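Enquirer: Sharing a structure, written as structure tokens. Questions coming.
The values are calculated or read from the model by the stated rules, or taken from the named source; none is laboratory data. The shown structure was predicted, so the numbers you read here are calculated from the model rather than taken from an experiment. When we count neighbours, we look across all protein chains shown, and the Cβ atoms used for this are built from the backbone with ideal geometry, even at glycine.
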């Protein structure tokens, strides 16, 4: 167990690291021998660091920052395997006089020695990444319309293959032996639908698929597995939204699990799906940010039932710390404010908030107590630098790049670290000197005056079906008055008839009495049909109370409730 958090960064002046403790001094690595570095990656367990130049890749042991291996070549991309054992690199696919058919351009090396253990041909850089199982027992790679599967790091011959015509994307679950699962997405052709399927290794025949769903209007897919590898979401998207509803193409979200359950996810607010993320500390929970601005954020369980509504805000990103006890909702990129809100997902309360404009990178520390935000080059050419924040929104440290200095990347070194006093109380912060983002335009007559903008009930934080902290809307008050007036009329009618026997509750109540026959089959049939309509209305009212926006025809059904009740009363006379 390491004692100090480490941060590794790369600027145009070289590679550096610093311990997360005052005075936060940067220390250059490799004695200045790391100029012209293009990118840096840190292994998932934090044992190695690799950086690449135009001529070579060097693997560094993080325990003492010494050289573990050097690999020659003009590498364009690279990543470590889940347990740090291997480094996989990709080079441009080239056809030369000496190699008219080209030669392998994807290579797998041992992280500790730099030994080449496997080579493959992968012509396109888009989607070139092979997929490892979390225990490194399976290595999978796409080859045209096949998925080739290698076992136990034996890269000379694959043991299984998945034949999938028009294969567009696939993913391997993070589960371990013997329960490996593959999620596969294939495109349709000539008006045929696309398909999304889940297979269990090694049964890859279509008839053995655990989940098989046809999807229309889907050109690409992204998969989101939960921590245990038992549930997965498939985000599909078209290249162009022909309806004009979205600039980025039409989106759809499907869910499935290894037990065969599957369906389509619908949200209570229309608009794009900005982000979804599973809770790493609880495999049964996930958060989504969705809808037209201001976007809505909701915590769901694995069955897609809402657990808590965070309300609406300037959000388009979700970040969980490793333990998953809190969640950060942020707005970056095209949201200029860089607003950040941190929430407790157990007690359902806001822990803090801050603003980090121009953020291009955000990451929690391995303890889940602090997070860093950075503005990096070439995403943004000015204002480069990084900041450390406490989870309550307190700014702890700020480092701005000097003139002609650019920050290329920065990240926490993964590992296991003891908790500190920061987890118990917020530290003393420093003043933020960054200019605030320009707010929305307000006409001269409205300036220096309080805003009249108010949130609706469903836009404020609350549990589904509960929102006692806000004043009821005019529509809710009107509906309540109608219900009370209806009860008063029934009481008067009952008194006029001199009927003192208990009457069954209205058919739209939750504790509805059993159906009582009138003795006339035709009347009974009509009453049953009317009760069905009232049940549908009750469901619509519950959806409306939970914040879902209803269609005009659905609202008309709710307004017709009183007429249906009156018709039932006439039939029972």
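Enquirer: Collect the residues in region 72-81 that are assigned to a strand (DSSP E or B) and surrounded by fewer than 19 Cβ atoms within 10 Å (Cβ to Cβ), keeping them in residue-number order. Reasoning before the result, please.
Expert: Step one: filter region 72-81 for residues assigned to a strand (DSSP E or B), giving 72, 75-80.
Hits for region 72-81 are 72, 76, 77, 79.
Enquirer: Can you spot a residue in region 374-395 that is closer than 25 Å to residue 310 by Cα and touching a helix residue (DSSP H, G or I) at 6+ places or on another chain (Cβ under 8 Å)? It would help to see each step written out before you state the result.
Expert: The first filter runs over region 374-395 and keeps only residues closer than 25 Å to residue 310 by Cα, leaving 388-395.
Adding the requirement that they be touching a helix residue (DSSP H, G or I) at 6+ places or on another chain (Cβ under 8 Å) leaves 390.
Looking through region 374-395, at least one residue is closer than 25 Å to residue 310 by Cα and touching a helix residue (DSSP H, G or I) at 6+ places or on another chain (Cβ under 8 Å).
Enquirer: Would it be correct to say that residue 330 is under 16 Å from residue 290 (Cα atoms), touching a strand residue (DSSP E or B) at 6+ places or on another chain (Cβ under 6 Å) and crowded, with 22+ Cβ neighbours inside 10 Å?
Expert: On the way: under 16 Å from residue 290 (Cα atoms): yes; touching a strand residue (DSSP E or B) at 6+ places or on another chain (Cβ under 6 Å): yes; crowded, with 22+ Cβ neighbours inside 10 Å: yes.
The answer is yes for residue 330.
Enquirer: Take the residues in region 108-118 that are in contact (Cβ under 8 Å) with a residue 24 or more places away in the chain and not in a loop (DSSP other than H, G, I, E, B); name whichever of them is farthest from residue 145 (Cα to Cα).
Expert: The qualifying residue farthest from residue 145 (Cα to Cα) is 110.
Enquirer: Right, next: Looking at residue 249 and the list (1) surrounded by fewer than 18 Cβ atoms within 10 Å (Cβ to Cβ); (2) farther than 28 Å from residue 132 by Cβ, which single condition is not satisfied?
Expert: It is condition (1) that residue 249 fails.
Enquirer: Give 122, 192, 142, 165 a once-over and let me know the one that is farther than 23 Å from residue 237 by Cβ and at pLDDT below 95. Steps first, answer last, please.
Expert: Working: 192 fails: farther than 23 Å from residue 237 by Cβ; 142 fails: farther than 23 Å from residue 237 by Cβ; 165 fails: farther than 23 Å from residue 237 by Cβ.
So the residue among 122, 192, 142, 165 that is farther than 23 Å from residue 237 by Cβ and at pLDDT below 95 is 122.
Enquirer: Next up: I need a count of the residues in region 125-140 that are more than 24 Å from residue 47 (Cβ to Cβ) and either part of a strand (DSSP E or B) or free of Cβ contacts under 8 Å to residues at least 12 places away in the same chain (or both).
Expert: 1
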